[in-house]
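Asker: I have a structure here, written as structure tokens, and I will follow up with some questions on it.
The values are calculated or read from the model by the stated rules, or taken from the named source; none is laboratory data. All of these numbers come straight from a predicted model, not from anything done at the bench. Every residue, glycine as well, gets a Cβ built from its backbone with ideal geometry; the counts of neighbours run over all protein chains shown. Just so you know, the surface numbers come from the protein's heavy atoms only, side chains and all, with ligands and any DNA or RNA stripped out. Shrake-Rupley method; radii C 1.70, N 1.55, O 1.52, S 1.80 Å.
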Amino acid sequence: MRWMYTYKVILVVESRGRFLMKLWFSLLMAVALLLSPVVSIAGEVEGPALVLQGGRVYPSPTAGPIDDAVVLIQNGQIAAMGKRGQVIIPKSVRVIDCTGKIIVAGFWNSHVHFETGWQDVSHTSEGQIEAHMQEMLTRWGFTTVWDLGSEPANTLALRRRIEAGEVSGPQILMAGDVFPKNGHPVYLPAEMQLPEAASPEEAEQMAQRYMKMGLDGIKLFTGAFMGDKPVVNMNTAIVRAASDVAHAQGKPVFAHPQNRTGVDSALAGGVDVLAHTIPNEGSFTADELSRMKQQHTALIPTLTLWTTVVTDAAIANKLVDSGVSELNAYFSEGGTILFGTDVGFQSKYDTSQEYEFMGRAMGWRDILASLTTNPSSFFKEPTKGRVEKGLSADLVVLDADPASDVRNFARIAYSIREGKIIYRSPAKLK
């Protein structure tokens, strides 16, 4: 019987050996899975999901490209991003083939107006609003915009309709306007009632009303263009009074300067953003550039605007050249540049020319920064501006690479806000 006992012992030892080997193999596999670059989100995905597959991703203006990439979008966020094969695509998701295309973060336009064509949006059809929104903004990749002057009640109604999902559109941030006393610009209808501040107290009250309305910032006309008459500039004390109200609530202040005096008043009053260059002056002074850099003031060039304000092509070209020179001077100092076009006031919606003008002073990555990381950082929106896991799925798909031509920033295939397509080019509808 001893041989049977010996045989049983051998069987037990062999069984334990096989068990230990299997256990060791399982542990090795688990470690390998943990160390693997593959990102797996198995099974059915909760909530709406979308995959952008096969494109080149520029995660940020400073990061290298990721070719043949996969971007997985879920519940309005980027759930995963990596090269094909590193991201496992879940079942039952829509996949957009982005082969030959470029994927970047959603664009900001930091200077727009919901004025011309936007009247009475509460009673305007969804189709009409979306058509105009595409023509002016989403067609050009904008997923976040700053409205720097419109009828607040009307634009608030537009914002509510977008956020309620009634119409597709970008996130709208709003700044309330304050004009200097007797500073009604000649390009605005004479019958339009403007908020004009004659004193710091009045400016403070106006700013407080805007904050109570739920607006996101203040815009001060530190210089009002009066045609053949002298520019009406805003007193520095009035600038400071309005700025203090906004800054107390963590809100930014924009300035519309018309000349050097308007720039100096804005800087002395603590304004955060110059909404235009001042090409009629020819340049910023060395002191102005130094102060802008020291105070971390941002600059919105709006170079295309200068082609729309005069009919003489030679004068327009001179204004553009001066604007480019001012942009180059501040950019070379390390100043923050924000992209903006003043559309809604001017009707050149196509952004190609703005990119071409900016490209005379900046590289394509710097222009991308002005559209993405610069505004998201400056306006404290940390979930925007980059293509990165966990961030908001505000994305743009381009038909061509801006690295080869900056005008390709205007060749939009898809605009995506929080995971929802808010614009697709007509070619993608076929």
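Asker: Filter the trypsin sites (Lys or Arg not before Pro) in segment 288-382 down to the DSSP loop ones having no more than 13 other Cβ atoms within 10 Å, then list what survives.
Answerer: Passing sites in segment 288-382 are K380.
Asker: For the chain, what does -39500 (n - 2.57) per DSSP helix run (n ≥ 4), summed and divided by total residues, give at 222 nm, in deg cm²/dmol to the nearest 500?
Answerer: Value at 222 nm, helices only: -10500 deg cm²/dmol.
Asker: How large is the dipole of segment 326-430 about the Cα centre if only Lys and Arg carry +1 and Asp and Glu carry -1, each at its Cβ, rounded to the nearest 20 debye?
Answerer: 540 debye
Asker: Taking segment 282-409 as the region of interest, what is the percent of Cα-Cα pairs per 5 angstrom bin, listed from the shortest bin to the one with the maximum distance?
Answerer: 2, 10, 18, 21, 21, 16, 8, 3, 1, 0
Asker: Continuing with this model, one more query. Between Q193 and S404, take the C-beta separation as r, use R0 = 41 Å, and let me know the FRET efficiency to the nearest 0.05.
Answerer: 0.25
Asker: Right, next: Can you compute 3J(HN,Hα) from phi for each residue in segment 267-278, using the Karplus curve 6.51 cos²θ - 1.76 cosθ + 1.60 with θ = phi - 60°, rounded to whole Hz and x for Gly and Pro?
Answerer: Each residue of segment 267-278 in turn: 5, 5, x, x, 5, 8, 9, 8, 7, 8, 7, 10 Hz.
Asker: Using the beta-carbon distance between V186 and E388 and R0 = 41 Å, what value does 1/(1 + (r/R0)^6) give for FRET efficiency, to the nearest 0.05?
Answerer: Taking R0 as 41 Å, the efficiency between V186 and E388 is 0.30.
Asker: I would also like to ask the following. Which one, [x] 27.3, 121; [y] 21.5, 67; [z] 25.4, 82, gives Rg and Dmax of the Cα atoms in Å as derived from the coordinates shown?
Answerer: [x]
Asker: Looking at the chain, send over the antiparallel percent of its DSSP beta bridges, to the nearest 5.
Answerer: In the chain, approximately 45 percent of DSSP beta bridges are antiparallel ones.
Asker: If you count only protein heavy atoms with a 1.4 Å probe, what accessible area per residue comes out for segment 293-430, rounded to a whole Å²?
Answerer: With the other protein chains kept in place, segment 293-430 gives 41 Å² per residue.
Asker: Placing unit charges on C-beta atoms (Lys and Arg positive, Asp and Glu negative, everything else neutral), compute the dipole magnitude of the chain about its Cα centre in debye, rounded to 20.
Answerer: Once rounded to the nearest 20, the dipole reads 2600 debye.
Asker: Beyond a 31 Å Cα-Cα separation, which of these cross-linked pairs lie in this structure: K318/K380; K380/K420; K181/K384; K318/K420; K219/K389?
Answerer: In this structure, K318/K380; K181/K384; K318/K420; K219/K389 exceed 31 Å between Cα atoms.
Asker: Leaving out ligands, DNA and RNA, and with a 1.4 Å probe, what % of the accessible surface on the chain is carbon or sulfur?
Answerer: Looking at the chain in its full context, I get 54 percent from C and S.
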